[in-house]
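In what follows, a single structure is set out as C-alpha cells and then discussed.
The values are calculated or read from the model by the stated rules, or taken from the named source; none is laboratory data. Small disclaimer: the values here were computed from a predicted structure and weren't measured. Positions of Cβ are backbone-derived with ideal geometry, glycine not excepted, and every protein chain shown enters the neighbour counts. SASA here: full protein model, heavy atoms, side chains in, ligands and nucleic acids out. Shrake-Rupley method; radii C 1.70, N 1.55, O 1.52, S 1.80 Å.
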Amino acid sequence: MHHGYATHRTGIALYLHISNAGSAASAIESVHLAYHWPMKPLTNLWWRNTIGWFWLTDQAAALEDFQVAIGDNVKVYPFLFQLNNLSGTSANTYLDIGQTTNGVIYFEQGESYGGCQPAKKDGKTKIIVRIVDAFGRKHNRRFQIPCIELEEARTYNPSFGKTFSELHGIPLPFDITTEAE
C-alpha cells in the first residue's frame, strides 16, 4: 500500500531473435521496452499514440536462469546480455551483416500504483521493443505479448519478480510469513 492505494510491480521477460538486416556490422548496445498504460483513447490528435507509454530502460539482473521442463529434460534459455548461471555464457551481441542472435531480456519495474501498469485486452498487452545499436540508431518494433500471472512466470524462473526486492532488501508481501496467534 502507498498512501492508501494498492501497489503492484510489473515484470517482463522476452526471448528475442535479432537479425542484422543492415549494410554494416554492428553491436547491440541496449534494449529498452515500453508498455501501454490503460488510458482511454484521446480524440484524433496527432500525439495520442505517444501518451501513455511507460518506458523501462534498465534491464534487471535475473537472479536465476529462465528454463522450461520438456519431458525429463530442462531447456535453459540463453540471456542476451547477462551470463547464464549454468553455462557461464551469454549471446553474441556483435552481428555481422545477415547474422542473428537470440536471448532473454528481463525487466522489472519498481513499486507502482494506479494506472502505471500494462493495459490488458484479451489476455495480451501491447509493447514496443527498442534496440539501440553501436551507431546510436534506434530500431523499434511493436508486439502484442501474453499477460501471465506471477505463479506461471515462476514456472520459467523461480525468482521472477524478486530482483528489485533482493537489491533493495525489501521483503515481498507474499513472501512474508506471520506467526499464528
Unit Cα scatterers, Debye sum, the range 82-125: log10 I(q)/I(0) for q = 0.19 Å⁻¹:
-0.81
Taking the Cα centre of the chain as the origin and placing charges on Cβ (Lys, Arg +1; Asp, Glu -1), which of 153, 18, 104 is farthest toward the positive end of the dipole?
18
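Want the number for residue 128 to residue 21: 0.36 nm per residue separation, take away the alpha-carbon distance, what's left?
On the way: separation 107, 0.36 × 107 = 38.52 nm, distance 1.90 nm.
Contour length minus Cα-Cα distance gives 36.6 nm.
Accessible area, 1.4 Å probe, largest first: how do 162, 121 sort? Intermediate results must be reported in sequence, preceding the final value.
Working: 162 55, 121 150 Å².
Largest accessible area first, the residues go 121, 162.
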What are the residues whose amide H is under 5 Å from the amide H of residue 60, where those residues sit 5 or more places off or on another chain and H is modelled from the backbone?
106, 107, 108
Using amide H atoms built 1.01 Å from N in the peptide plane, name the residues 5+ places from residue 27, or on other chains, whose amide H lies under 5 Å from its own.
95, 134, 135
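Calculate, for residue 144 and residue 70, the FRET efficiency according to 1/(1 + (r/R0)^6) with r their C-beta to C-beta distance and R0 35 Å; round to the nearest 0.05. Could you put the intermediate results ahead of the total?
Details: r = 26 Å, r/R0 = 0.73.
After rounding, the FRET efficiency stands at 0.85.
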Working only with C-alpha atoms, what are the Rg and Dmax values of the chain, expressed in angstrom?
18.4, 69
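Taking the range 121-156, which GluC sites (Glu not before Pro) meet the DSSP loop condition and have no more than 12 other C-beta atoms within 10 Å? Write out the running numbers ahead of the final one.
Working: sites: 149, 151, 152; in loops: 149.
Counting only loop positions with at most 12 other Cβ atoms within 10 Å, the GluC sites (Glu not before Pro) in the range 121-156 are 149.
Arrange the residues 32, 2, 17 by how much accessible surface each exposes, largest first, with a 1.4 angstrom probe.
Values: 32 35, 2 75, 17 125 Å².
Ranked list, largest accessible area first: 17, 2, 32.
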Per residue of the range 62-79, what does 6.51 cos²θ - 1.76 cosθ + 1.60 with θ = phi - 60° give for ³J(HN,Hα)? Whole Hz please, x for Gly and Pro, Karplus curve as stated.
6, 6, 9, 6, 7, 7, 9, 7, 10, x, 8, 9, 10, 8, 9, 7, x, 7
Quick one: how many Å² of residue 54 are accessible to a 1.4 Å probe, rounded to 10?
60 Å²
Ordered by residue, what ³J(HN,Hα) values in Hz, to whole numbers, does the range 11-23 give under the Karplus form 6.51 cos²θ - 1.76 cosθ + 1.60, where θ = phi - 60° and Gly and Pro are x?
x, 9, 10, 10, 9, 9, 10, 10, 10, 8, 9, x, 10
When the label point is put 7 Å from the Cα of residue 14 along its Cα-to-beta-carbon vector, which residues of the range 122-154 have a backbone N closer than 16 Å?
124-133, 138-148
Non-local residues with an amide H under 5 Å from the amide H of residue 84, with H modelled 1.01 Å from N and Pro and chain starts lacking one, are 79, 89, 90
